[in-house]
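The values are calculated or read from the model by the stated rules, or taken from the named source; none is laboratory data. Quick caveat, the model's predicted, so the values are computed rather than measured. A quick note on method: Cβ atoms are made from the backbone with ideal geometry, for glycine too, and the neighbour counts reach across all protein chains shown.
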Amino acid sequence: MASATVNPDLQKERQRATFDADQLTYFLYDGPANTRRKRYLQNLAVQETEKYKFRPIATLSQEQQYEQALMRSFISGQLEDRLELKNAKELSFLREAVAPQVAVPYGLHMSMFMNTLETQSTEEQKARWLPLAKSFRMIGTYAQTEMGHGTFLRGLETTATYDAKTKEFVVNSPTITSIKFWPGGLGKTANCCIVMARLITRGHDYGMHPFLVQIRDLDTHQPLPGITVGDIGAKFGFNSNDNGFLRLDNVRIPRDNMLMRYSQVLEDGTYVKPKNDRLTYGTMTLIRSNIVGGAARSLSMAVTIAVRYSAVRRQSEIQPGAGEVQVLDFQTQQMKLLPLVATAYALTIASRNMAAFYLRVRQQIEQGTLEELPQLHALSAGLKALSSWQATEGIEACRLACGGHGYSHASGLPKLYGTGTPLVTYEGENTVMMLQTARYLVKCHGALQQGQKLPSLMKYLEQPPGGSSGLDPRLDLSDLVTAYQHRAARMVSDVSAKLMSAASQGQKPYAAWNSNSVELVEAATAHSEAYVVKSFVETVSTFSGKLCSVMETLCRLYAVRGILKSLGEFMQDGYINSQQAKMLRSCLADLLAEVRPNAVALVDAFDFPDAVLDSALGRWDGQVYQALYDYAVNSKLNEKQVLDTYHKYQRPFMESQWKKNTTVAVPARL
Ligand SMILES: CCCCCCCCCCCCCCCCCC(=O)SCCNC(=O)CCNC(=O)[C@H](O)C(C)(C)COP(=O)(O)OP(=O)(O)OC[C@H]1O[C@@H](n2cnc3c(N)ncnc32)[C@H](O)[C@@H]1OP(=O)(O)O
Ligand SMILES: Cc1cc2nc3c(=O)[nH]c(=O)nc-3n(C[C@H](O)[C@H](O)[C@H](O)COP(=O)(O)OP(=O)(O)OC[C@H]3O[C@@H](n4cnc5c(N)ncnc54)[C@H](O)[C@@H]3O)c2cc1C
């Protein structure tokens, strides 16, 4: 039962905020007009979806979750048509509200499949396929990972062998480990896919290339000859999505089903090389960039739930006898949650900059300039890893911060974790991604040693080593940025020196790399954090008035908390001294106290409708107990007072126990 009254604690929180949360919302959604439009679309989506009275996803079987997700996409499709929506952001807001945190089976079609067609096909192929894909005659997915290999793409085993006589490719899964495994929507939904396979022509293996393979009949949806396809079974989360397997038994496809924008196979089997063979990896780079925004949004939802609940939840006393306090008043609770609120904003801002950088480099690539591709790869890989780690850990910390009720699916937090945690693994396992970023950083360091100039994002590596931080209790934002950059530059330099020293002692580069890979990941993490802090600082400096001072405090909280978490890395070369470390510790306590009054307003500004949060604890009106009670009462187990299982199992069990002692006198009532 929804209550019209707002919990008085939440009401007070909103009144005591020192800034206008709407102003922050306008920043997040690009101005008042776009915010109104977003609200309109999400309200409409929520009203429409509520008509279906969907049961909570956690209470459904895998098949029911899949069915519900398809229904949600159907509702979304109808609304999109009715409103004639085309704008990508508007579509994403609508879909978020129709299917909040639901991994819909068409997800891969709409993201990786479409993008691969758009960026890796020739004009002729685009003209042939895009109309079919846009009108959902073709429903595709991106089939790259195999049972045996996901990370090491050069190890993929699926082959596409060119047959010049018939002008066809023969696509084959030669072993059990070569079976495609995991692609979203592959199991039951897709009728075609981009298969990433090793291209073999004229007896030569040219490595992984993309091929369009039809797997099901476009009308009957039956698998085509040579195709064995299905769902991979229940998973940790993501069960609304039919992640699938695919076995190809010498399936023949026409020559021009190879996506030939960058490399080609001519009719006679001649292979034409691309300008850069990493262009085939382009779709992964896009999705990695998008994941930064996805991770930020998931964490923003989690902190909204946990902060609102912590403002409503009263438990224990601070001053003996003075009554129970809002748990958000405990400094330890603030420490759990407020740095995460700051992280949600930091990642949101970094993701915007990441997206803008991606667009710029993508435009360059379209014009044939590939100069900034390595920078883009390094940044997107590092931020993908950093953001998904911080978001996943943050969501779990939010759940734990909600005590017992956080463990219930009613909190919405397990669902957020279930859909959030695969971000660490998919689209490039995080450790592997950080190592890719590290590879680029070490290369940049080497270039610097040779007196070369570094590209824009790496310029900070040029600063001389040593020196000491100017950080004082004013916590000047530029000093914080410099501290992060100094730490990253020092770590890149240290690990590069280790690699060089290993080489001079005759160690093979690959062995030296592996034996320093923990430090390499740490250096890449430091680099990515420096980017996030710099982005945050640059953005908040564009704000004005009260909002500016609130966001500057939040930015300081993010940066100071990060320094204290990895203090050794900042102190190792004496850049931050022990007096400063002590000072930062007291500043952290002050910052928590400073952010505390604005905590609720800061999460309100994310502007998530209740239906998107899907949480009894995170409700806007704070009526958490009524919502929890309603959720409990609606448990499936409560549909009957006495269940059949009582007669089938419980009663026979009890009777078997009674038989052991027949002398106990049983009263009619206890
Ligand atoms: C539901 C709610 C959820 C909320 C969040 C929502 C977020 C939105 C997302 C939308 C939904 C999408 C769902 C996606 C589902 C997952 C799909 C997948 O996992 S699909 C499967 C994803 N699978 C993976 O991600 C697989 C991960 N594995 C890999 O990417 C590669 O095998 C590798 C990078 C690890 C190594 O590759 P290898 O070829 O052995 O490379 P070497 O190491 O030998 O380096 C050689 C050179 O290449 C360079 N370079 C490398 N990459 C790139 C690049 N991208 N570009 C440019 N350059 C690149 C590298 O720098 C180096 O340069 P140099 O130094 O020589 O100059
Ligand atoms: C929900 C979900 C959806 C997915 N959707 C798709 C999809 O649509 N299409 C698709 O093709 N794939 C998909 N995948 C697969 C996903 O992309 C891979 O699982 C991912 O790339 C990781 O590869 P892997 O499973 O081989 O991990 P592995 O590489 O086997 O990782 C295992 C461990 O080995 C470590 N490791 C591996 N290599 C190195 C190295 N070089 N250095 C140091 N450590 C290393 C990793 O860090 C990790 O700890 C999906 C996966 C999930 C979970």
Filter region 44-71 for residues that are among the charged types (D, E, K, R) and not in a helix (DSSP H, G or I); the one that is surrounded by the fewest Cβ atoms within 10 Å (Cβ to Cβ) is 53
If I filter region 408-419 for residues that are assigned to a helix (DSSP H, G or I) and within 11 Å of ligand 2 (Cβ to nearest atom), do I get at least one hit? yes
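Please determine, by comparing only the residues of region 595-648 that are of a type in the set (Val, Ile, Thr) and in contact (Cβ under 8 Å) with a residue 40 or more places away in the chain, which one is surrounded by the fewest Cβ atoms within 10 Å (Cβ to Cβ).
Applying the first criterion (of a type in the set (Val, Ile, Thr)) to region 595-648 yields 595, 600, 603, 612, 624, 633, 642, 645.
Keeping just the survivors that are in contact (Cβ under 8 Å) with a residue 40 or more places away in the chain gives 595, 600, 603, 612, 624.
Details: 595: 21, 600: 27, 603: 26, 612: 24, 624: 23.
Once the filter is applied, the top-ranked residue is 595.
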So, first residue closer than 14 Å to residue 119 by Cβ in region 361-386, second residue β-branched (Val, Ile, Thr), Cβ within less than 6 Å, six or more apart or across chains; the pairs are 376/361
With the first residue restricted to region 414-436 and required to be under 12 Å from residue 151 (Cα atoms) and near ligand 1 (Cβ under 8 Å from one of its atoms), and the second required to be part of a loop (DSSP other than H, G, I, E, B) and aromatic (Phe, Trp, Tyr), Cβ contacts under 9 Å at 6 or more apart or on different chains are 426/182; 432/152
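Yes/no matrix, rows are residues, columns are (1) more than 30 Å from residue 297 (Cα to Cα); (2) modelled with pLDDT under 95; (3) hydrophobic (A, V, I, L, M, F, W, C):
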position: 91; (1), (2), (3): no, no, yes
position: 96; (1), (2), (3): no, no, no
position: 129; (1), (2), (3): yes, no, yes
position: 146; (1), (2), (3): no, no, no
Screening 569, 538 for residues that are without any contact (Cβ under 8 Å) to a residue 24 or more places away in the chain, under 28 Å from the mean Cα position of the chain (by Cα) and not in a loop (DSSP other than H, G, I, E, B) leaves only 538
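Return the total of residues in region 224-240 being within 16 Å of ligand 1 (Cβ to nearest atom) and touching a Gly at 6+ places or on another chain (Cβ under 8 Å).
Of region 224-240, the ones within 16 Å of ligand 1 (Cβ to nearest atom) are 231-232, 235-240.
If we keep only those that are touching a Gly at 6+ places or on another chain (Cβ under 8 Å) too, we end up with 231-232, 236-238.
Summing the residues that are within 16 Å of ligand 1 (Cβ to nearest atom) and touching a Gly at 6+ places or on another chain (Cβ under 8 Å) in region 224-240 gives 5.
Rundown of residues vs (1) of a type outside the set (A, V, I, L, M); (2) not in a helix (DSSP H, G or I), yes/no style:
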| site | (1), (2) |
| --- | --- |
| 305 | no, no |
| 319 | yes, yes |
| 349 | no, no |
| 359 | no, no |
| 380 | yes, no |
If we keep only residues of region 144-177 that are hydroxyl-bearing (Ser, Thr, Tyr) and surrounded by 17 or more Cβ atoms within 10 Å (Cβ to Cβ), then the residue nearest to the chain's Cα centre (by Cα) is 145
When every residue in region 264-279 that is in contact (Cβ under 8 Å) with a residue 24 or more places away in the chain and in contact with a strand residue (DSSP E or B) (Cβ under 6 Å, 6 or more places away or on another chain) is compared, the one farthest from ligand 1 (Cβ to nearest atom) is 269
Among the residues of region 356-388, the number that are of a type in the set (A, V, I, L, M), out of contact with any Leu (no Cβ under 6 Å at 6 or more places or on another chain), farther than 18 Å from residue 299 by Cα and within 12 Å of ligand 1 (Cβ to nearest atom) is 7
Scanning region 461-488 for residues that are surrounded by fewer than 18 Cβ atoms within 10 Å (Cβ to Cβ) and not polar (S, T, N, Q) gives 462, 464, 465, 466, 467, 470, 472, 473, 474, 476, 479
Within region 107-122, of all residues that are of a type in the set (Gly, Ala, Ser) and within 15 Å of ligand 2 (Cβ to nearest atom), the one surrounded by the fewest Cβ atoms within 10 Å (Cβ to Cβ) is 111
Of the residues in region 136-166, those that are within 16 Å of ligand 2 (Cβ to nearest atom) and among the basic types (Lys, Arg) number 1
_Qualifying residue in region 428-436 (condition: over 14 Å from residue 523 (Cβ atoms), away from ligand 2 (no atom under 16 Å from the Cβ) and among the polar types (S, T, N, Q))_ = no
Of the conditions (1) among the aliphatic types (A, V, I, L, M); (2) modelled with pLDDT of 95 or more; (3) assigned to a helix (DSSP H, G or I), the single one that residue 457 does not satisfy is (2)
Residue 88: passes all of (1) closer than 28 Å to residue 62 by Cβ; (2) within 13 Å of ligand 1 (Cβ to nearest atom); (3) hydrophobic (A, V, I, L, M, F, W, C) but (1)
Within region 206-236, the residues that are under 25 Å from residue 118 (Cα atoms) and in contact with a Phe, Trp or Tyr (Cβ under 8 Å, 6 or more places away or on another chain) are 206, 211, 212
The correct count of residues that are over 24 Å from the mean Cα position of the chain (by Cα) and of a type outside the set (Ser, Thr, Tyr) in region 275-320 is 12
Filter region 179-198 for residues that are surrounded by 22 or more Cβ atoms within 10 Å (Cβ to Cβ) and not in a loop (DSSP other than H, G, I, E, B); the one that is nearest to ligand 1 (Cβ to nearest atom) is 196
Within region 234-273, the count of residues that are within 15 Å of ligand 2 (Cβ to nearest atom), of a type in the set (Gly, Ala, Ser) and out of contact with any helix residue (DSSP H, G or I) (no Cβ under 8 Å at 6 or more places or on another chain) comes to 1
Checked 491, 551, 500 against criteria (surrounded by fewer than 17 Cβ atoms within 10 Å (Cβ to Cβ) and part of a helix (DSSP H, G or I)); the one match is 500
